[in-house]
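What follows is a short report on a single structure.
The values are calculated or read from the model by the stated rules, or taken from the named source; none is laboratory data. Everything numeric in this text was worked out from a predicted model, so none of it was measured. All Cβ positions, even for glycine, are placed from backbone atoms using ideal geometry, and neighbour counts span all protein chains on display.
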Amino acid sequence: MSTVKKATKLELLNFKNPATKTFWITSIAFFLCFFAWFGIVPFMPDVVRDLGLTPDQKWNSIILAVTGTVFARLLIGKLTDKYGPRLCYTWLLILGAIPVIAIGFVQTPIQFLICRLFIGFIGASFVITQVHTSIMFAPSIVGTANATSAGWGNLGGGANRLGMPIIAAAVVSFGIADQADAWRYSMIIAGVICFLMGIVYYFFTQDTLNGNYKELRDRGELPNKKKDQVGFIEVLKDYRVWILFLVYAACFGIELTVYGTMDDYLQNTFQLKRATAGNIVMSFALMNIFARTLGGFFGDRFGKKFGLRGRVLFLAVILAAEGIMLATFSSISILSVAIMFLVAFSLTVQMAEGATFSVVPFINKKAIGSISGIVGAGGNVGAFLAAMLLKSKSAFAEKIAISENQGMAQEVIDAAQSAASSSAVSSGFFIIGGVIILTSIVTLAIKFSTEEETEESEFSVAPQLIIADK
């Protein structure tokens, strides 16, 4: 794709620039997909009562949502390389809206589980967003563009904690539904918005600054689709892709798991009220406004100064810092100090995510979609494995605590169970922190050829993120 033009600046308010327009539309689409993907989470108590979900069915719904995303990301990356991000995002939004809307009509636990599985597919939106910004922006700014679009889009996963209840309250206040059915209408509305966004994506974006993939192929500026399979096989054989798969599992995957378990951990460890713990956790999601961008920005800066090797070195350092912050946090029993290290963990984990995708576009420029899909899937695999570790340790410890306090007052049993869970999750966090540090060392094995380094250096100028249109 060497003949395709790319933007060398990220001018956030220059809406006449096709690259800027694409940046905003793809970021908003990503935000809406994550908003809908996790949209049911604030309503889970209502869903459990309404559908009569068992604890196992509730956990299975969470696992299915993550599992569906793994396969969707692997598939969508290859499809994006073939057909371009514009068409792939359009169809993902339109088709992905169907299970989001359908979940509002479910009547049985099985129907609910099936919908959650297919809703997870819209998590593949991350891959298309990263591919589209990688295509639109030059090597000197691509890390910053990728990280910013991903960070702002990722806000959707936390914004729904506030946004979905607001939609539900509006539905009730306008007399559209009663409180018991408000969660159903809220999900239907979220699905309709995703569907409409698919139409917007089709008519208001283009694949590259030179035009859409079909036009480029007709002009001979892109290889024929039949050649893409060779590129995909090469991707699968490239060890660097699988290292980045592990890296993203160790940053985004761990962020998902920590974010999902931290409410209970803070309550059990520091005896916080649920609302207080929830507000603390939600505040970390807001750090995506700038933290991921910092990771991509510094990845670009290190790339300018030290070449592609510099990008890898920064990624390894920030990943190691993430592991140290989490391991240290796990051993702290003073709330104020714990929050300080939790903030540091949130900052470093999101910077590591941004730094990861400041490296991805340089592995194989002919297969950015396939690589982004594999690396993105690594995040969900990491979340699944980390969640299984914490769940198994916590469940085992809680069972022992209940057994040892059999016959005691319920308050005593609850306190023992809470303390056991806190201790088990704490040790799990420490283990995960150690694994992250080991992964940072493995990251150093990523190497680039002299030819790849030379090609990157030809485009390396200082990254520029411009707020005002000059």
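At-a-glance table
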{"item": "Scan of the stretch 339-397 for residues that are in a helix (DSSP H, G or I) and either of a type in the set (S, T, N, Q) or not assigned by TED's automatic domain parsing to the domain that holds Met325 (or both), ordered by number", "result": "Ser346, Thr348, Gln350, Thr356, Ser370, Ser372, Asn380, Ser392, Ser394"}
{"item": "Selection count, the stretch 6-27, where residues are of a type outside the set (Gly, Ala, Ser) and within 13 Å of His132 (Cα to Cα)", "result": "9"}
{"item": "Out of Gly428, Gly433, sole residue that is among the small types (Gly, Ala, Ser), within 19 Å of Ala352 (Cα to Cα), assigned by TED's automatic domain parsing to the domain that holds Met262 and at pLDDT 90 or above", "result": "Gly433"}
{"item": "Residues within the stretch 140-162 that are modelled with pLDDT under 90 and of a type outside the set (Lys, Arg), tallied", "result": "9"}
{"item": "Helices (runs of 4 or more DSSP H) wholly inside the stretch 10-89 that include at least 3 residues being under 17 Å from Ile110 (Cα atoms) and either among the β-branched types (Val, Ile, Thr) or modelled with pLDDT of 90 or more (or both)", "result": "44-51, 55-83"}
{"item": "Selection from the stretch 156-166 of residues that are surrounded by fewer than 20 Cβ atoms within 10 Å (Cβ to Cβ) and either in contact with a His (Cβ under 6 Å, 6 or more places away or on another chain) or not small (Gly, Ala, Ser) (or both)", "result": "Arg161, Leu162, Pro165, Ile166"}
{"item": "Only listed residue being surrounded by 24 or more Cβ atoms within 10 Å (Cβ to Cβ) and either outside any helix (DSSP H, G or I) or touching an Asp or Glu at 6+ places or on another chain (Cβ under 9 Å) (or both), chosen from Thr144, Thr133", "result": "Thr144"}
{"item": "Meets criteria (modelled with pLDDT of 90 or more, under 26 Å from the mean Cα position of the chain (by Cα) and more than 18 Å from Ser134 (Cα to Cα)) for Ile289", "result": "no"}
{"item": "Lone unmet requirement of (1) buried (at least 17 other Cβ atoms within 10 Å of the Cβ); (2) over 28 Å from Ala150 (Cα atoms) for Ser423", "result": "(1)"}
{"item": "Criterion: of a type in the set (A, V, I, L, M, F, W, C), over 14 Å from the mean Cα position of the chain (by Cα) and outside any helix (DSSP H, G or I) - qualifying residue of Ile166, Ile176", "result": "Ile176"}
{"item": "Unique residue being buried (at least 22 other Cβ atoms within 10 Å of the Cβ) and at pLDDT below 95 when the list is Ser333, Ser370", "result": "Ser370"}
{"item": "Meets criteria (surrounded by 15 or more Cβ atoms within 10 Å (Cβ to Cβ) and at pLDDT 85 or above) for Ala409", "result": "no"}
{"item": "The stretch 179-205, subset under 24 Å from the mean Cα position of the chain (by Cα) and free of Cβ contacts under 8 Å to residues at least 60 places away in the same chain, residue surrounded by the fewest Cβ atoms within 10 Å (Cβ to Cβ)", "result": "Leu196"}
{"item": "Check on Lys214, in contact with a Gly (Cβ under 9 Å, 6 or more places away or on another chain) and surrounded by fewer than 16 Cβ atoms within 10 Å (Cβ to Cβ)", "result": "yes"}
{"item": "Index of the failed condition, Lys447 passing every other in (1) modelled with pLDDT of 90 or more; (2) among the charged types (D, E, K, R); (3) in a helix (DSSP H, G or I)", "result": "(3)"}
{"item": "Qualifying position, being buried (at least 20 other Cβ atoms within 10 Å of the Cβ) and either touching a residue at least 12 places away in the same chain (Cβ under 8 Å) or of a type outside the set (Val, Ile, Thr) (or both), among Leu286, Leu294, Leu272", "result": "Leu294"}
